[in-house]
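For reference, the structure discussed in these notes is given below.
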Amino acid sequence: MKRRTQVYMVMMTAFLSFLSCSDNTSQTPDMDGNWPGCVIGIYPEKGNETLGAGDLYEIDDFEALTEHEIGSVVWFPTWDDEFPMEACQKLAKRGIIPHLTWELFWPSVDPNNSRQTGPDGYQGFNDVLNGKYDDYIDRFAEAAKTFDREVLIRFLHEFNGNWYVWSGNKNGQGNGGPEKVVAVWRYVVDRFNAKGADKVRWLWVPHGPSTDRSPEAWNDVSNYWPGGEYVDWIGLDGYNFYPKDPWGGTRPLRDFDNCFRALYDSCAVLGDHPMMIAEFGTGEFQSGDFDKAAWITDAFNKIKIEYPRIKIFTWFNINKELDWRVNSSPEALTAFKAAMQDPYYIASPYKLK
């Protein structure tokens, strides 16, 4: 009788384990990036409008275009916006990781995010540190806690560039610019932690080589590091603008390594966090036998073989400064689809067996 009971218990344990594993929708993705391969992510062409309204049709369109499911999607809520609960819930049902680039500006006041900074830097920074937006920060954090799934929040992205008001360049440069960025980062993360929003994953993202980025020592990415306990993911942004940008400037040819090798190596020593490419792409170009299709093929070969810590990539699939889309030409689309056929590139980690 005792042996029969033991056999029964073993069988029930195995059966319950099978049910747990087969119910993929109930699984929480292992957001430390501890999965095989690299998750496919995109920014859709009209993502800020469509995803902000909880509409996922652009995801459907991209998956149909590329004949592959995605596993992550980014869009750009600002500090005029509340936490996008509807969109996050719909994405979670499909196993797609929400990636919020939470931009610290207010389009209702400054539609183009072009407000000038004064002698004390960005007033938005000063107001955050003085507590002006505590209620808003706390409300966003409480909603993220209520969502109760992992959500990536990319905050103060590309802080080492010359273009955003939250950059070190616009907040003192060598006279405390990086330190100001770090102070705001820690302030916001601390408030989220105080609210128990422990499924938020903080994504820290510098930009790679650019003619719009100061090469001076004060702007080294290590000066912006807020500490490993304040970061969950390290991200990298970079683009190939060659041969010209839309503002009339000439740009050097940057293959994938030129965009990311030095930045990847500089960030890898800061901590053992998983890494991702938070934005990247190339416009159409021709340089000898090298073109956009070849750039795409090379990029995804490199990610697989030479950049093992990159566990998500996010293609900036929009016709904006240049036509970054994977279908800017038939050749580019063919190259992208071929690259995604490699089983290393995966959809949702929710759906992994």
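The values are calculated or read from the model by the stated rules, or taken from the named source; none is laboratory data. The model shown is predicted, which means the values in this text are computed figures rather than measured ones. No Cβ is skipped: glycine too gets one built from the backbone with ideal geometry, and neighbour counts run over all protein chains shown.
When residues in region 132-154 are screened for being touching a helix residue (DSSP H, G or I) at 6+ places or on another chain (Cβ under 9 Å) and without any contact (Cβ under 8 Å) to a residue 40 or more places away in the chain, 1 of them pass. Of the residues making up region 173-186, not a single one is within 21 Å of the chain's Cα centre (by Cα), in contact (Cβ under 8 Å) with a residue 40 or more places away in the chain and not in a helix (DSSP H, G or I).
Filtering E58, E67 for residues that are closer than 23 Å to P343 by Cα and not hydroxyl-bearing (S, T, Y) leaves a single hit, E67. Scanning region 42-96 for residues that are among the small types (G, A, S), touching a Gly at 6+ places or on another chain (Cβ under 8 Å) and over 18 Å from E279 (Cβ atoms) yields A87, G95.
When you scan region 114-122, do you find a residue that is outside any loop (DSSP other than H, G, I, E, B) and either among the hydrophobic types (A, V, I, L, M, F, W, C) or in contact (Cβ under 8 Å) with a residue 24 or more places away in the chain (or both), even just one?
There is at least one residue in region 114-122 that is outside any loop (DSSP other than H, G, I, E, B) and either among the hydrophobic types (A, V, I, L, M, F, W, C) or in contact (Cβ under 8 Å) with a residue 24 or more places away in the chain (or both).
Going by the structure shown, is I296 crowded, with 22+ Cβ neighbours inside 10 Å, assigned to a helix (DSSP H, G or I) and β-branched (V, I, T)? In short, yes. Surrounded by fewer than 22 Cβ atoms within 10 Å (Cβ to Cβ), aromatic (F, W, Y), modelled with pLDDT of 95 or more and under 18 Å from Y264 (Cβ atoms): is that true of W225 in this structure? Spelling it out, W225 is indeed surrounded by fewer than 22 Cβ atoms within 10 Å (Cβ to Cβ), aromatic (F, W, Y), modelled with pLDDT of 95 or more and under 18 Å from Y264 (Cβ atoms). Might you let me know whether region 41-57 holds any residue that is in a helix (DSSP H, G or I) and modelled with pLDDT of 95 or more? Taking every residue of region 41-57 in turn, at least one turns out to be in a helix (DSSP H, G or I) and modelled with pLDDT of 95 or more.
Looking only at region 319-328, count every residue that is exposed (fewer than 15 other Cβ atoms within 10 Å of the Cβ) and of a type in the set (K, R) and tell me the total. Residues meeting the conditions: 1. Could you go through region 73-80 and let me know if any residue there is surrounded by 13 or more Cβ atoms within 10 Å (Cβ to Cβ), under 16 Å from I346 (Cβ atoms) and at pLDDT 95 or above. Yes, region 73-80 contains a residue that is surrounded by 13 or more Cβ atoms within 10 Å (Cβ to Cβ), under 16 Å from I346 (Cβ atoms) and at pLDDT 95 or above. Every residue in region 235-293 that is within 15 Å of R213 (Cβ to Cβ), of a type in the set (S, T, Y) and either in contact with a Phe, Trp or Tyr (Cβ under 7 Å, 6 or more places away or on another chain) or buried (at least 20 other Cβ atoms within 10 Å of the Cβ) (or both), please. Passing the criteria: only Y239. For region 329-346, the set of residues classified as assigned to a loop (DSSP other than H, G, I, E, B) and either in contact with a helix residue (DSSP H, G or I) (Cβ under 6 Å, 6 or more places away or on another chain) or crowded, with 20+ Cβ neighbours inside 10 Å (or both) consists of Y344 only. A single member of D255, D237 is in contact with a Gly (Cβ under 9 Å, 6 or more places away or on another chain) and among the charged types (D, E, K, R), and it is D237.
Within region 58-71, restricting attention to residues that are hydrophobic (A, V, I, L, M, F, W, C) and assigned to a helix (DSSP H, G or I), the residue that is surrounded by the fewest Cβ atoms within 10 Å (Cβ to Cβ) is A64.
Here N169 meets each of (1) at negative phi; (2) touching a strand residue (DSSP E or B) at 6+ places or on another chain (Cβ under 9 Å); (3) crowded, with 18+ Cβ neighbours inside 10 Å with one exception, condition (2). Please verify whether N162 is surrounded by 17 or more Cβ atoms within 10 Å (Cβ to Cβ), modelled with pLDDT under 95 and in contact with a helix residue (DSSP H, G or I) (Cβ under 9 Å, 6 or more places away or on another chain), treating the condition exactly as stated. Here the answer is yes, as N162 does meet what is asked. Scanning region 266-305 for residues that are acidic (D, E) and over 18 Å from the mean Cα position of the chain (by Cα) gives E284, D289, D291, D298. Residues that are among the β-branched types (V, I, T) and more than 30 Å from R94 (Cα to Cα): does region 150-157 have at least one? No: region 150-157 contains no residue that is among the β-branched types (V, I, T) and more than 30 Å from R94 (Cα to Cα). For region 237-258, which positions are under 17 Å from the mean Cα position of the chain (by Cα) and in contact (Cβ under 8 Å) with a residue 60 or more places away in the chain? Within region 237-258, D237, Y239 qualify.
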